[in-house]
1. Label-point separation (nm) for A:Lys169 and B:Leu379, each offset 7 Å from Cα along Cα-to-Cβ?
2. In terms of modelled amide H atoms, which long-range or inter-chain residues lie less than 5 Å from the amide H of B:Met153?
3. Going by how many other Cβ atoms sit within 10 Å of their own, how do B:Val349, A:Val53 line up, fewest first?
4. How about B:Lys174: which aspartates and glutamates have a C-alpha closer than 14 Å to its C-alpha, ignoring those fewer than 8 places off in the same chain?
5. Based on the alpha-carbon gyration tensor of chain A and its eigenvalue square roots a ≥ b ≥ c, which shape applies: rounded if a/c is under 1.5, prolate if not and a/b is larger than b/c, or oblate?
6. Can you tell me the orientation of helix B:156-169 relative to chain B, as the angle in degrees between its alpha-carbon axis and the longest Cα principal axis, to the nearest 10?
7. Which ³J(HN,Hα) values in Hz, rounded to whole numbers, follow from the phi angles of the stretch B:315-324 under the Karplus curve 6.51 cos²θ - 1.76 cosθ + 1.60, where θ = phi - 60° and Gly and Pro get x?
8. Would you mind pulling out the separation of the Cα centroids of the stretch B:321-364 and the stretch A:203-217, in Å?
Amino acid sequence: MDILTQQLINGLVLGSVYALVALGYTMVYGILELINFAHGEITMMGAMVALAVIGALVGAGVDLPGVVIALFGLLAAIPVCMALGFAIERVAYRPLRHAPRLAPLITAIGMSIVLQNVAMLIWGRQYISFPPILPQGRHQLLGATITDVQIAILCTSVILMAALVTLVKRTRLGRAMRATAQAPQIAGLMGVNVNTIISLTFVLGSALAAVAGFMVSAYYGLAHYYMGFMLGLKAFSAAVLGGIGNLAGAMLGGLLLGVIESLGAGYIGDLTGGFLGSHYQDVFAFFVLILVLVLRPSGLLGERVVERA
Amino acid sequence: MKSSRRLALAALVAAVGLIGCGQQDAGNTAGEGIVQIGSVAPLTGPQAHLGKDNDNGAQLAVDEINAAGLKLGGKPLRLQLVSEDDQADPRTATIIAQKLVDGGVAGVIGHLNSGATIPASKIYHDAGIPQISPSATAIAYTAQGFKTAFRVMTNDEQQGKALGQYAVAKLGAKQIAIIDDRTAYGQGLADEFEKAAKAAGAEIVAHEFTSDRSTDFLAILTSIKAKHPQLLFYGGMDAQAGPMAKQMQQLGLNVQLLGGDGVETAEFVKLAGTDAEGVVASSPGLPLASMPGGTAFKEKFTARYGQIQTYAPYAYDAVYVMVEAMRRADSAEPGNYLAELPKTDYQGVTGHIRFDAKGDVAGGSVTLYQAKSGTWQVLETVH
């Protein structure tokens, strides 16, 4: 088995999930300059709803192929998360849009705690396990092992990211989003409904989060009301690493963070002769983040943002 | 719009006022014959399922004692369990400990995690409040020389030794890899295991680390796979061991997985699914079915709270041990009944409980289990 190839595969799969969640952070930041800290919890909600539906279907003995049951779960999670994203923006962020920047940041953290506790009340403190309904096939690739689920995660992420970039760069809606990001007041004067665009941004980001949450729970075989916290933190770091507000940056940052973590955990012990162990994997990842921010304060692909007039 | 906002504000003010009153009430009644006992465990976060389990075990004992109508100093004893959440976090644990001490609890059942129990024990010691942990197994907890620190569970030294000898002698492992979660519990157990396995003649080919919040172990498992061990020991909890067992299969790392009491839970089998098959894990004490009062306890507990996770019977016994000491001293004052705790000689659900000079349970045993078709089956008990 080729260790390096295996570590790269591990890292890329992990990174593509980070990237998908990071897109949600970066889209909202791009338009509102707001860090939506509740985004990690929306990912968690996606995983929980999907698992609840899948669990109910499996429990009821529905005789369908596992992949179809899983898709039903995903299809239930996406609209729930979209509605949640929409509602959070209406309740917690829109009333504070012209308030000092600290205020929406606090409501964001508040929303995140509320969502965690709501999930805890609905689904309890137990871990919820993903039923073994997905194909468990393993394949050999350049001397490393890759599973069906890993391939599915990589492909889905790439397709979704490509679709999002096309949407933002090529469609009328995307143009309206970019216009709102650049100058919301001017965009409004040009006939763009700024409120609708902002709502749509939240809804889109939440849909991506639902898919990411579903994939994480399928990948690790579990979901828990607390899972959104660490995932959100990592994805946020990925967005900052790539340059927050920049779509390509979020993807690059996510993939890079995944690979750095994987290589760090895999090699740091051997490279330092046991002086630093694999528990420094997060330290390693965040050290890279600090280094990048010192050298390029706006992130890898971030551009220097001119202060808004 | 404006009036609805004002209404909401009024409701908020009223709610805050009510909470304030509620707290005051608790403080007042505490003086009138009600004895408060703290119960601390992670009630939120990744180990909340285990924390709630402990809390339920303690609550069950408290309710039974209240129903039994025990008298102290001629007055009927009314126990009240003050449940607190330390989030399995050492810093939060000390804040909670101070809060309980300031609130005037007569004793503390907890905490759940060794990492949280150890820093908190200093605060209880300084305040002279007896503490019985149902589940902290790290050696350091009772090695501090605190006269207030007790536990009703076998410590990691005994457990790690049993596991290390079992891995080499019975499972025939010569090259062993270890992962621990860097908590006081996981690290302590892994270190004791490593010592015992080395002493029994095995070679430790890798020692990797993770955290008690991780779910991704592919990177360290890949690096372990390259070192070709015959056995992988995990020092940590079920929430990590479950996905770990799955990811081992995913990578084609087909070696025996061995764990401690954090792994020997119903949750692990559920999380790892078919990949749990064959995993061996230990638990301090006897299996629930072989405990003197195990079956009866299981019936009572499941009727009220559902499935037992792990430590609930220990939390239940810990409350009884504390109240027994109060009964002998005929007082719920910490200063009076603390002297009675070392003399404990109590036949509990989990076994016969006596304390040694350090506050550890004397003559503890360790039982090894193997996961077979979805449940843990007893392999053997080591004394």
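Read-outs: derived from the displayed coordinates by stated rules, not from any lab. Keep in mind the model is a prediction, meaning the values are calculated, not measured. Note that we place each Cβ from the backbone using ideal geometry, even for glycine, and neighbour counts take in every protein chain shown.
1. Label-label distance for A:Lys169 and B:Leu379, simple model: 5.7 nm.
2. For B:Met153, the qualifying residues are B:Val361.
3. The fewest-first ordering by Cβ neighbours comes to A:Val53, B:Val349.
4. B:Lys174 reaches B:Glu194, B:Glu203.
5. Cα axes put chain A in the oblate bin.
6. 20
7. With the stated coefficients, the stretch B:315-324 comes to 5, 4, 5, 4, 4, 5, 4, 5, 5, 4 Hz.
8. 52
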